[in-house]
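One structure is given below, encoded as structure tokens.
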Amino acid sequence: MRLKTFRGGAHVPHFKELTATKPIRDARLPAKVVVALHQHTGAPCEALVKVGDHVKVGQKIGDSKAALTAPVHAPVSGKVVDIAPYPQSGGREVVSIVIESDGLQEVADTVRPKGELDGLSQGDLREIIREAGIVGLGGAAFPTYFKLTPPPGKSFDTLIINGSECEPYLTADQRLMMERPEDAIFGTRVLMKAAGVSRAFIGIEENKPEAIEAMQKAAERHSGIEIVPLAAKYPQGAEKQLIKAIVNREVPCGGLPVDVGVIVNNVGTAVAVGEAISTGMPLVERVVTVTGSPVKEPSNLKVKIGTLVSDLVEECEGFASEPAKVIIGGPMMGVAQFTMDIPVTKGTSGVLFLTIDEVSLEEPLPCVRCGKCVENCPMHLLPLFISQYADAGRFDEAAEYGAMDCIECGSCSFICPSRRHLVQSIRLAKAEIAARRRKK
Amino acid sequence: MAENQFIVSSSPHLRSEVSTPVIMRDVIIALLPPSFAGIYLFGFRALAVMIVGTLAAVITEAVIERATHRPVTIGDYSAAVAGLLLALVLPPDIPLWIVAVGSIVAIGVGKQVFGGLGHNPFNPALIGRAVLLASWPVAMTTWRWPVASAPWMGKGFDILTSATPLAALKLSGIKTPYGPLFWGTVAGSIGETSAIAVLIGAAYLLIRGHITWRIPGYYILTVAVLSLLFGQDPVFHVLAGGLLFGAFFMATDYVSTPVTPKGQAIFGIGCGVLTVLIRLYGGYPEGVCYSILIMDATTALLDRFTRPRKLGEVRRSA
């Protein structure tokens, strides 16, 4: 059978062997955590605690009245020692609550099982998911309850669970599916009910056969859930490409998946949603792949939100060689960091270290119009022209060529034989075009 | 934190191993089968043409870049590719100084005046060839039978000692059999006569993913279909002359051809139509060189008007 996929995209090296066979293990309890009040798409939270307060695990410590936001909770029990701006992986400083762990991990009494799924209404589920502070764990960190609420006049008919994990190096989702398939399926069922759909597809790239098998076994007993093996091609896990591959629908340009009746959630998100129901524990920890050739013991770690990257390095027994680049996320879309003193947030799927030899420092050559970026663009754009217009400051033309439809997956820059900074230019154009549109 | 040593740059942080110099080097590798075929068929005179053509191109590039105070880019192999391509589409006995002039024109006029790599609107090698054909028409059309002359050349061919298969057909109505066309034991340009050698080189580029089948496919198919419509033998027209070499090595030049799938299809079809028209109705027996050059002129327009449909784009029906 031909595997489902989309047109375009790049065959990137996987590099998953570093951690693919490593079971998820609990990271040591950090001495302190830095919990950012803004680690999601939407409005930042206000702190609900003061310096000096004692907090318990799962206690809500930040929330906002805005429609689009996600509350944050204490990942450890202990004392709030600071509320101030701290550097975050996005490059900016964000007001964060620093908690010193008392090592006891006392659980807040608000954390309790929410009962049987059958007994909970769609509204209940959405409220539980909101209160649990659950956001998309794939990296975008979009609040899940908001996604589950379709705008007036629109509705869902299909849930897609994204288990493709197409970013090289990362294996957090893969391990989760291998080790906790039942929990992933339970979360899927919760999301199906919350979205009001009767069918769900779980897309997994075919280079993770154990995950596919485990998930298929777990899904067997439940009707309406189908595991879909996908071609291992980047960016298979990008929302629009995933929808195209699995249900052959195209999200209209500038539109959202709901416009074609689909809601997409990451498999890690599904597990977190399931936990919010079964144990009542809000999103206070996640699986992070800490990897790269400089890392002595690359690992899949279950990490408290707010743990510093430097702590994770220690957890992985330090470095075998000098890292030259620290990336939050994967190598294709991740963000390079200037320091290791930044905390894990809800959207941190991995921390990748590269040595100087693995960092491309080549100067760009002139574009030779080889057309490889055109062949590879999963949005079917012409990256070479958009970036040329962007470089020339001709942003109207860049927009006309579809700059705003670029999903910044990096396939074009990856494949460019002249090492041109295509995504970088297009990103610049997007920011400029967005700013101009706001002005109007 | 004070001594942060980390490199911060925009994503993606991974790059493909295939760089532009690697591609150019692969093109040279792909040109080896036609080159060796040329040497086998036409002797070391052919090798001399290739060496002069390549060296002159590389030196021209270096001299012009040095003179205009720009970085010397001969390390990207693109000048060498242009020089070798030119040499392979020249007759084996052409005076070597003419070869050098061709390479100087190809790099100087065909490439560097437009700003060097990536900026030339026309295929530099074909610019060189077109200028030579216009300037030294006799030298450019003086052909020779291959050293390894085939037994099929028997009586009746004596009077045609130096006609290419296409010229023989056009001027005398004599059709060369497929066998010699396939193996290359006919008169013609150094790298063009052996279809099998060209196809081996082309296969390498296709397998390496450096070219797609689109332009050569549409080009060759168009020539076959049109020659059939005009009552000609399509197989002969595909194998004879410079069609295969031009389709796989010239019409696939990155810089001077379209990047959009539809644009590439139109480009290939256009080349095919022009080639057949020139062959059957033009003043020359062969038309590959001019066809590709003419279509090169349409590249910018083709790219502009054949923008692919974006994923999720809804076009108003016309």
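The values are calculated or read from the model by the stated rules, or taken from the named source; none is laboratory data. Note that the structure is predicted; figures quoted are calculated from it, not measured. A quick note on method: Cβ atoms are made from the backbone with ideal geometry, for glycine too, and the neighbour counts reach across all protein chains shown. Accessible surface areas use protein heavy atoms only, side chains included; no ligands, DNA or RNA. Shrake-Rupley method; radii C 1.70, N 1.55, O 1.52, S 1.80 Å.
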Exposure rank, largest accessible area first [A:Glu408, A:Glu165, A:Glu17, A:Glu362; 1.4 Å]:
A:Glu17, A:Glu362, A:Glu408, A:Glu165
Efficiency by 1/(1 + (r/R0)^6): what FRET value for B:Thr68 and A:Thr339, r their Cβ-Cβ distance, R0 = 45 Å, to the nearest 0.05?
0.55
Give the Rg (one decimal place) followed by the Dmax (whole number) of the range B:163-305, computed from C-alpha coordinates and expressed in Å.
14.5, 44
If r is the Cβ-Cβ distance from A:Ala431 to B:Trp97 and R0 is 51 Å, what FRET efficiency results, to the nearest 0.05?
0.35
Report the A-B buried area as the accessible area lost on both sides summed, probe 1.4 Å, in Å² to the nearest 100.
4500 Å²
Using θ = phi - 60° and the Karplus curve 6.51 cos²θ - 1.76 cosθ + 1.60, what whole-Hz ³J(HN,Hα) does each residue of the range A:351-368 get, with Gly and Pro shown as x?
10, 10, 10, 10, 7, 4, 5, 8, 8, 7, 10, 5, 6, x, 9, x, 5, 9
Taking loop as defined by DSSP and a crowding limit of 11 other beta carbons within 10 Å, which GluC sites (Glu not before Pro) in the range A:190-235 fit?
A:Glu220
Taking placed amide H atoms and a strict 5 Å upper bound, the residues 5 or more places from A:Val57 or on another chain that come that close are A:Ser77, A:Glu106, A:Val107, A:Ala108
Using Cα pairs under 8 angstrom and six or more residues apart, how large is the relative contact order of chain B, in percent?
17 percent
Amide H contacts under 5 Å for A:Ile225, restricted to residues at least 5 apart in sequence or on another chain and with H modeled in the peptide plane, are A:Ala200
Relative contact order [Cα under 8 Å, 6+ residues apart], the range A:372-439, whole percent
37 percent
Scanning chain A, every Cys lacking a C-beta partner under 4.7 angstrom -> A:Cys45, A:Cys166, A:Cys253, A:Cys316, A:Cys367, A:Cys370, A:Cys377, A:Cys406, A:Cys409, A:Cys416
What does the accessible area per residue of the protein assembly as shown come to in Å², with a 1.4 Å probe and no ligands, DNA or RNA counted?
40 Å²
Residues of the range A:334-377 with the amide nitrogen closer than 20 Å to a label point 7 Å from the Cα of B:Val22, along Cα-to-Cβ, please.
A:354-377
Compactness check, chain B: C-alpha Rg relative to the 2.2 N^0.38 Å globular estimate gives 1.07
Which angle between 0 and 90 degrees, to the nearest 10, do you get for helix B:195-207 versus the longest principal axis of chain B when only C-alpha atoms count?
10 degrees
With a cap of 15 neighbouring Cβ atoms within 10 Å, and only residues DSSP puts in a loop, list the trypsin sites (Lys or Arg not before Pro) found in the range A:268-309.
A:Lys296
Add -39500 (n - 2.57) for each DSSP H run of 4 or more in chain A, then divide by its residues: what number comes out at 222 nm, to the nearest 500 deg cm²/dmol?
-8000 deg cm²/dmol
Could you check what % of the DSSP bridge pairs in the protein assembly as shown are antiparallel, to the nearest 5?
65 percent
Based on the Cβ-Cβ distance from A:Glu322 to A:Lys65, what FRET efficiency comes out when R0 is 35 Å, to the nearest 0.05?
0.15
Over 43 Å [Cα-Cα, chain A], rounded percent
9 percent
Per 10 Å bin, what is the whole-percent P(r) computed from every C-alpha pair distance within the protein assembly as shown?
3, 13, 20, 20, 15, 12, 9, 6, 2, 1, 0
HN-Hα J in Hz across the range A:182-195 - Karplus 6.51, -1.76, 1.60, θ = phi - 60°, x for Gly and Pro:
4, 5, 5, 5, 4, x, 4, 5, 4, 5, 4, 5, 5, 8
Separation of the range A:285-346 and the range B:108-137 by C-alpha centroid, Å?
53 Å
Taking amide H positions as placed 1.01 Å from N in the peptide plane, with prolines and chain starts having none, which residues 5 or more places from A:Val95, or on another chain, fall under 5 Å of its amide H?
A:Leu37, A:Tyr86
Under the Karplus relation 6.51 cos²θ - 1.76 cosθ + 1.60, θ = phi - 60°, what is the ordered set of whole-Hz ³J(HN,Hα) values for the range B:102-112, x standing for Gly and Pro?
x, 5, 5, 5, 4, 7, x, 7, x, 10, 5
What number do you get for the range A:122-176 when its Cα radius of gyration is normalised by 2.2 N^0.38 Å, N = residues?
1.34
At 0.36 nm per residue, minus the direct Cα-Cα distance, what do B:Leu221 and B:Ile207 gain on full extension? Give it in nm, one decimal, please.
3.0 nm
With 10 Å bins from 0: P(r) over the range A:112-278, alpha-carbon pairs, percent:
11, 43, 37, 8, 0
